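Engineer: One structure, pasted below without further comment.
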Amino acid sequence: MNAGPLQVRGRVLSLERVGDYHHLTLVAPGVAERTRPGAFVALAVGGDQSAMLLRRAFSVYRAKASGVYGGTVELVLAVHGKGTAWLADRRINDEVDVVGPLGRPFALPKQQVPCVLVGGGYGSAPLFSLADRLRERGCSVHMVLGAAVERRLFGTLEARRAAQSVIVTTEDGSVGTPGRVTDVLPELLTRTGAAVVYACGPMGMLRAVAAVAEEHGVWSQCAVEESMACGVGVCMTCVLPVRGDDGTVRMVRSCVEGPVFRGDRVLWDDVGTVPAGTLGAPSTSGVH
Amino acid sequence: MAVTSETSLDDVVVDLAVDLAGVRLPTPVMTASGCAAAGRELAPFLDVAAIGAVVTKSVMLDPRSGRATPRMVETPSGMLNSIGLQGPGIDSFLATDLPWLVSRGARAVVSIAGGSLGEYAELGRRVGASPGVAAVEVNISCPNVEDRGLVFACDPFQAGRAVSAVRRGVPRGVPVLAKLSPDVTDLVPVAEAVLEAGADGLTVINTTLGLAIDTDTLRPALGGTTGGLSGPAIRPLAVRCVWQVHQAMPDVPIIGVGGVRTGRDALEFLLAGASAVQVGTVVFHDPSAPHRVAEELRAELAARGFSSPADVVGLAHRPPAPGGAHG
């Protein structure tokens, strides 16, 4: 497998509405071949003379190395602003500049162990290809998909194919178990004897999942969603405090050192701040 | 440089190489400090040895965590950033980042930032003693802890002192470039002061201060409240600054920076008086931009019958020729 990201002119192969989301398939030669579960792509939005300069990052839902049209990457997006609205408004064959695959993917267990995959909203997107990989390695896979309401769930049908067991939660109880993913997670971890929890979704959910995993002595692999400008490691905007192997807390870039982090290494309570003791933190008053 | 109708413009062979304060660059297009880290992350997208130079993110004496997030807000044709000079510190930079750039054959322009004159002097010595440095760029848009936190770049006297502190530690053959802030009433006295202090060239301009308010939280959008505005939104401001400085001191090498997105934009800066340009925020949009912009500039020059970037530096300052056409 070739290492390193590519920058390619992608082409829209399909774009479909799925609940509150949009499922975008891009022909992006070379990118799919290099993509592993948990990696992401950064898309330029608005065309060559766009007034929106910052790339939008999306975790890869599926990557298919070969097809009639060449390698494709699929992603799921929610319209949050003008950039994602532009993407959701593409037509078949439109060009989209793609950089990817980016970031460190999910780490896979060496042993054949039970794994629990937790997705919040469209954060479930990268979990299906992960589930395939885990099953190929002989791991059993159990999924928990949660959202505030039913239309914000993604992939509940596909989950039944990808996993041995599936639990769906909605906060309003419109489908599945009423409540949050972490309401059902402790019992699931106990029942399956899970060795690893993989999670992708909003920060609050990741923080809660990491805490449950910690209580159960289970490894957690969390894919974070921090706002990024470049996605490739040069802008230093997507940082969060993470404790390293040496015990030192550093502000690390979620694009190149993540987006997947060990849940026990992220200082979840301090995200959005520079906690005291962080390497290079201001010691006295806030000098520039 | 008049182009006659018989000349086939396609035949013009453009050599993009330029001399910048005694340093030969294969193209006049380099990265801008803070927009390319130390070059390594851009290696998948361009050949770091083939672009004009890699200007590294401003490094300070000690490791720095930078500011809290959010550190960035997208604005029309630009962005605000408040990174807070996150970086590994000079020891780590000289041990890992600089050797990588040098081993790849890149021209490394090392940007340094200090909070005091002593820090600038120490950084100048450390970088000046390191092999393979093509030039030193002094980021003087930092608060001076010894002067009530006032930014060096906003006071000609303090700006000159910072540059002088660096210059003393840097060998004669290694140019020192001073990066100027546009957030002053008159840029020329600051330019004069840093040149007097030993700067060999000027990088014009740094970001300009801005602020965005999140209308959902009803609070400033950036963790650091204010941030530096960059991108094509500030290009006319940057071109104006280059114009004014070149007009006042036509022989001083200027590196134009601020919103360069295309070869046409690079040409605009050269016409205003820059000898080279830096591509900053646009790298976030297009990581191959420093290479692409150089090739577009080659085409822009060829289309106008110019064979070298040096032929157009400051050309816009000449009075309009009777009859109209350039030349």
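The values are calculated or read from the model by the stated rules, or taken from the named source; none is laboratory data. All figures in this text were calculated on a predicted structure; none of them were measured in a lab. No Cβ is skipped: glycine too gets one built from the backbone with ideal geometry, and neighbour counts run over all protein chains shown.
Engineer: Looking only at segment B:158-189, filter to residues that are among the small types (Gly, Ala, Ser) and assigned to a loop (DSSP other than H, G, I, E, B); which one of those is surrounded by the most Cβ atoms within 10 Å (Cβ to Cβ)? Reasoning before the result, please.
Structural biologist: Looking only at segment B:158-189, we keep the residues that are among the small types (Gly, Ala, Ser), and these are B:159-160, B:162, B:164-165, B:169, B:173, B:178, B:181.
Those left that are additionally assigned to a loop (DSSP other than H, G, I, E, B): B:173, B:181.
On the way: B:GLY173: 7, B:SER181: 24.
Only one residue fits best here, namely B:SER181.
Engineer: When the residues of segment A:138-159 are filtered to those that are in contact with a Leu (Cβ under 9 Å, 6 or more places away or on another chain) and in a helix (DSSP H, G or I), which remaining residue is nearest to A:LEU77 (Cα to Cα)? Break it down into steps so the answer makes sense when it comes.
Structural biologist: Residues of segment A:138-159 in contact with a Leu (Cβ under 9 Å, 6 or more places away or on another chain): A:139-147, A:153-156, A:159.
In the following step, the residues that additionally are in a helix (DSSP H, G or I) were identified as A:156, A:159.
Details: A:THR156: 16, A:ALA159: 18 Å.
Among those that are in contact with a Leu (Cβ under 9 Å, 6 or more places away or on another chain) and in a helix (DSSP H, G or I), it is A:THR156.
Engineer: A further question follows. Determine which single condition B:VAL109 fails, assuming it passes every other condition in (1) more than 13 Å from every other protein chain (Cβ to nearest Cβ); (2) assigned to a loop (DSSP other than H, G, I, E, B).
Structural biologist: Just one mismatch for B:VAL109, condition (2).
Engineer: Within the set of pairs 6 or more residues apart or between chains, which connect a residue that is at the interface with chain A (Cβ under 8 Å from one of its Cβ atoms) inside segment B:141-153 to a residue that is polar (S, T, N, Q) with Cβ atoms less than 8 Å apart?
Structural biologist: B:VAL145/B:SER116
Engineer: Go through B:LEU117, B:LEU80 for me and flag whichever is in contact with an Asp or Glu (Cβ under 9 Å, 6 or more places away or on another chain), under 19 Å from A:ALA229 (Cβ atoms) and at pLDDT 95 or above. Spell out the reasoning first.
Structural biologist: Working: B:LEU117 fails: under 19 Å from A:ALA229 (Cβ atoms).
None of the other options fit; the residue is B:LEU80.
Engineer: Go through (1) at pLDDT 95 or above; (2) touching a helix residue (DSSP H, G or I) at 6+ places or on another chain (Cβ under 6 Å) one by one and return the number of the condition A:ALA65 breaks.
Structural biologist: Here A:ALA65 clears every test but (1).
Engineer: Can you tell me which residues in segment B:206-245 are part of a helix (DSSP H, G or I) and surrounded by fewer than 20 Cβ atoms within 10 Å (Cβ to Cβ)? Give the steps one after another, and end with the answer.
Structural biologist: First, pick out the residues of segment B:206-245 that are part of a helix (DSSP H, G or I): B:232-245.
Listed by number, the residues that qualify are B:PRO236, B:LEU237, B:ARG240, B:GLN244.
Engineer: Select the strands (runs of 3 or more DSSP E) contained entirely in segment B:9-100, then report the ones holding at least 1 residues which are charged (D, E, K, R) and facing chain A (nearest Cβ under 10 Å).
Structural biologist: On the way: elements: B:18-20, B:23-25, B:29-31, B:72-75, B:78-81.
Passing ranges, in order: B:72-75.
Engineer: Only one of these is in contact with an Asp or Glu (Cβ under 9 Å, 6 or more places away or on another chain), under 21 Å from A:THR182 (Cβ atoms) and in contact (Cβ under 8 Å) with a residue 24 or more places away in the chain: A:ASP270, A:ASP264. Name it. Lay out the reasoning, then the answer.
Structural biologist: Working: A:ASP270 fails: in contact with an Asp or Glu (Cβ under 9 Å, 6 or more places away or on another chain).
Step by step, each of A:ASP270, A:ASP264 is checked, and only A:ASP264 is in contact with an Asp or Glu (Cβ under 9 Å, 6 or more places away or on another chain), under 21 Å from A:THR182 (Cβ atoms) and in contact (Cβ under 8 Å) with a residue 24 or more places away in the chain.
Engineer: Criterion first (surrounded by fewer than 24 Cβ atoms within 10 Å (Cβ to Cβ), within 9 Å of chain B (Cβ to nearest Cβ) and more than 30 Å from A:THR190 (Cβ to Cβ)) does A:THR278 satisfy it?
Structural biologist: Values: surrounded by fewer than 24 Cβ atoms within 10 Å (Cβ to Cβ): yes; within 9 Å of chain B (Cβ to nearest Cβ): yes; more than 30 Å from A:THR190 (Cβ to Cβ): yes.
So A:THR278 passes the test.
Engineer: So, one more: Every residue in segment A:200-230 that is touching a residue at least 24 places away in the same chain (Cβ under 8 Å) and within 26 Å of A:LEU6 (Cα to Cα), please.
Structural biologist: A:CYS200, A:GLY201, A:GLN221, A:CYS222, A:ALA223, A:VAL224, A:GLU225, A:GLU226, A:MET228, A:ALA229, A:CYS230, listed by residue number.
Engineer: Quick check on my filter: what residues within segment A:162-192 are farther than 13 Å from A:GLY120 by Cα and within 20 Å of the chain's Cα centre (by Cα)?
Structural biologist: A:ALA162, A:ALA163, A:VAL166
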